[in-house]
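Take a look at the structure below.
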Amino acid sequence: MIGPLLAVTDLEVAYGRVEAVRGVSLEVAKSEFVAVIGSNGAGKSSTMKAVSGVLQPRGGSIRFKGQEVTGQPAHAMVRRGLAMVPEGRRVFADQSVEDNLLLGGYARSQESAARVQRLERAYQLFPRLGERRTQQAGSLSGGEQQMLAIARGLQSEPDLLVIDELSLGLAPKILDMLFPVLVELNEEGLAILLVEQLAGQALAISSRAYVLENGHVIASGPSAELARDARVMEAYLGRRTTASSAA
Ligand SMILES: Nc1ncnc2c1ncn2[C@@H]1O[C@H](COP(=O)(O)OP(=O)(O)OP(=O)(O)O)[C@@H](O)[C@H]1O
Ligand SMILES: [Mg+2]
């Protein structure tokens, strides 16, 4: 593969007359950890939905592993190696933890040894899921559901994991556990594209970041530099750099 793992160019997403994304370009290199931050309604989720094939962009192009994939449906993107953890988790509430995980692996080998190996890896990353493998996903806490949503995404053995709002509604002590897991996965070679409202934490664990505002990228660069950029931190994110909600 030549070039970046993911290359988004001049992406446009619209809902009728609402132009949510107005020419966003971003890249993720192989094994890179990239954050996307920005205020409510900036177009972060719309960008991620287009990238993961959940919705059709109105314009622009998306290339993954060097191939044009614009407009490909989500299941095709999963097979290509891009898994999405959607905003709000969206676990199958009436299915068990283990069935949620097995569903996440549908695009990969269904040979029993491979399935068991993927499950064991999930339970090793998140022992709380292992302890609750027969429990209905809907009965898990918010933090456990987020663990399940991440673990489900990993079952498809992705090269890029897209996560939309990891911290939403979760207590700081859960996040203290979840953020290091992402770092560990990234160190093992998984590329991560993380949308996160806790800008300070997202910039602390990512290597590069993009700031979205009003459907545009208004700043991008090394995360450490953006974290020192007073304009970025104060104008757009000053109120959102610490966790305040409870799980
Ligand atoms: N299904 C939809 N129908 C109409 N407008 C939508 C829809 N989804 C999003 N929008 C609008 O598109 C714009 C971008 O929304 P989007 O959800 O992408 O932003 P976001 O950056 O993810 O925001 P948040 O931080 O609240 O998650 C907003 O103005 C939003 O109201
Ligand atoms: Mg969103």
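Tell me which residues come under 5 Å, amide H to amide H, from Val36 once H is placed; ignore anything under 5 positions away on its chain.
When sequence neighbours closer than 5 places are left aside, the close amide H contacts are Leu194, Val195, Glu196, Tyr210.
In square nanometres, what is one fourth of the surface area of the convex hull spanned by the alpha carbons of the chain? Please list the in-between numbers first.
On the way: hull surface 51.2 nm².
Computed as one quarter of the Cα hull surface, the answer is 12.8 nm².
Counting only GluC sites (Glu not before Pro) that are in a DSSP loop and have at most 10 other C-beta atoms within 10 Å, tell me the longest site-free stretch of the chain. Write down the numbers at each step before the final one.
Details: sites that count: Glu111, Glu188.
It runs 1-110.
So what's the back-of-envelope 222 nm ellipticity for the chain, counting only DSSP H runs of four-plus at -39500 (n - 2.57) apiece and dividing by all residues, rounded to 500?
Details: 9 runs with 83 residues, N = 247.
Helix-only estimate at 222 nm: -9500 deg cm²/dmol.
Roughly how far apart, in whole Å, are the Cα centres of the range 17-49 and the range 150-174?
16 Å
Please compute the net charge surrounding Ser220, taking Lys and Arg as +1 and Asp and Glu as -1 over other residues with Cβ under 14 Å from its Cβ. Before the final figure, lay out each step's value.
Values: positive: Lys44, Arg208, Arg231; negative: Glu27, Glu32, Glu213, Glu225, Asp229.
Counting the neighbours of Ser220, the net charge comes to -2.
Can you give me the relative contact order of the range 68-140 as a percent, contacts being Cα pairs under 8 Å and 6 or more apart? Mind dumping the intermediate values first?
Working: 47 pairs, mean separation 30.1, N = 73.
Result for the range 68-140 is 41 percent.
What aspartates and glutamates could a cross-link reach from Lys30, if we take a straight Cα to Cα line under 18 Å and drop same-chain neighbours fewer than 8 places away?
Counting by Cα, and skipping residues close in sequence, Lys30 has these aspartates and glutamates nearby: Glu68, Glu157, Asp159, Glu184, Glu187, Glu188.
Could I have the simple spin-label model distance between Met177 and Glu68, label points 7 Å from Cα toward Cβ, reported in nm to one decimal?
The answer from the label model is 4.6 nm.
Fewest Cβ neighbours within 10 Å first, please rank Thr47, Thr70, Thr9, Thr134 accordingly. Let's see the in-between values first.
Values: Thr47 29, Thr70 18, Thr9 15, Thr134 9.
Fewest-to-most ranking of Thr47, Thr70, Thr9, Thr134: Thr134, Thr9, Thr70, Thr47.
Starting from the Cα of Lys49, draw a straight line to each of the lysines and keep only those under 19 Å, dropping any in the same chain fewer than 8 residues away.
Straight-line reach from Lys49, under 19 Å: Lys65.
Could you give each residue of the range 158-170 its phi-based ³J(HN,Hα) in whole Hz, using Karplus coefficients 6.51, -1.76, 1.60 with θ = phi - 60°, and x for Gly or Pro?
x, 9, 9, 10, 9, 10, 9, 6, 4, 7, 3, x, 9
Would you mind listing how long the range 94-157 runs along its three principal axes, going by Cα atoms, in whole Å with the largest first?
Taking the Cα atoms of the range 94-157, the three principal extents are 30, 22, 17 Å.
Report for the chain the percent antiparallel among DSSP-assigned beta bridges with both residues inside it, nearest 5.
Roughly 55 percent of the beta bridges in the chain run antiparallel, per DSSP.
Laboratory data are not the source of any read-out in this text; all were calculated from the coordinates shown. Here the structure is a predicted model, which is why all the values come from computation and not from measurement. Cβ coordinates were reconstructed from backbone atoms using ideal geometry, including for glycine residues, and neighbour counts include every protein chain displayed.
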